[in-house]
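Here the structure is laid out as structure tokens; the discussion comes afterwards.
Derivation of every value follows stated rules applied to the coordinates shown; laboratory data play no part. In this text the structure is predicted, and so the values were computed from the model without any measurement. Note that we place each Cβ from the backbone using ideal geometry, even for glycine, and neighbour counts take in every protein chain shown.
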Amino acid sequence: MNTDIHLEYYLITAVVMFSAGIYGLIIRKSRISVTVSLALMLNSVIINFAAFNSYLFFHKTEGLMVALMLIAVMICEAAVAIVLFMKIRTKEEQAKEEKKPGTKKL
Amino acid sequence: MTAQILFPIFCSVIIVVSVLAVTTRSVTMSAVYTSILLAGTSGIFFSLRLFSLAAINLVLCAGIVILLVRKPEWRIKTPLPEEKRQTWLRQAIAIIAAAAFAAVTIITIVRFRFAPYSGPAGDTNLPGGFDNFIPSLTNGWLLPLLMISFIIMTAIILIKAVSRDRETLEKKKN
């Protein structure tokens, strides 16, 4: 463990990331952007867990495991984002096909 | 010494990229910024000597990069239709909320003054290392919860596959 870097630096980095996530969550309307904001907030929480585990509870691994679980949640979130992304793509393609001359509108 | 030099770089990259990820209107750029953010986070885990978490984050980052490179049809350069210009009031509320949260948390952090760990030098039996990783996974309640997380992920992917099949079927019918 490198004791030259204080725990506060990790926490402040995580706080800034979490604040950016809050900003994105309030300001954004599209679901993908909201998912990205949530991923930011989750990432900051993971950094917090890892930093606290490494500095204050060095001989235990609970914080590390919770961080791992949060990464799994983040992967689920990424899967949801991919689904949304693909739906947008299909909608765009459908709209393009409808705009083409000679195509019937149902 | 290396960590002292690299840590501020990782921190600044993370802060800049996280702000850019929420302010950009392009979905593709947002994904690119998220991948850079994951790489920066893995650097922070390296500085904490949590190599397992760093490796997982790097794999995630690589996944996003591969997805963007291999699937060029997924790149949307134009902003989404629902992303219209925000009102000033909404922006002001968002900035105030984020700044208030940051201020309160930073004041709490500075007031508490957490003491850093001062363990024996050259201790190689680190919790983030791969030696302690598998035993702690199989210990107690952590394995079932992890299994549930991965089952949820598989379910999401399966739902997507099913919905895609239905969409193609409906298109064929039409």
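Taking N as the residue count of region B:1-81, its C-alpha radius of gyration divided by 2.2 N^0.38 Å amounts to 1.20.
From the square roots a ≥ b ≥ c of the eigenvalues of the alpha-carbon gyration tensor of region A:25-86, which class results: rounded (a/c under 1.5), prolate (a/b over b/c), or oblate? Judged from the Cα gyration tensor, region A:25-86 comes out oblate (a/c at least 1.5, b/c at or above a/b).
Using a 10 Å cut-off on Cβ to Cβ distances, tally the other chain neighbours for every residue of B:37-45 and report the average as a whole number.
4
Counts of other chain beta carbons within 10 angstrom of each beta carbon in peptide A:34-47 average 4.
For region A:1-53, the normalised intensity computed at q = 0.20 Å⁻¹ comes to -0.66 (log10 of I(q)/I(0), Debye sum over alpha carbons, equal scatterers, no solvent). Gyration tensor over the Cα atoms of chain A: the corresponding equivalent ellipsoid has semi-axes (square roots of 5 times the eigenvalues, largest first) of 42, 15, 8 Å. Each residue of region A:81-94 is assigned a 3J(HN,Hα), and the resulting list reads 4, 5, 4, 4, 4, 5, 5, 4, 4, 5, 4, 4, 5, 4 Hz, derived from the Karplus form 6.51 cos²θ - 1.76 cosθ + 1.60 (θ = phi - 60°), x at Gly and Pro. Sorted fewest first by neighbouring Cβ atoms within 10 angstrom, A:R28, B:R111, A:R89 come out as B:R111, A:R89, A:R28.
Shielding value for A:87-95 is 3, the average number of Cβ atoms from other chains within 10 Å of each residue's Cβ.
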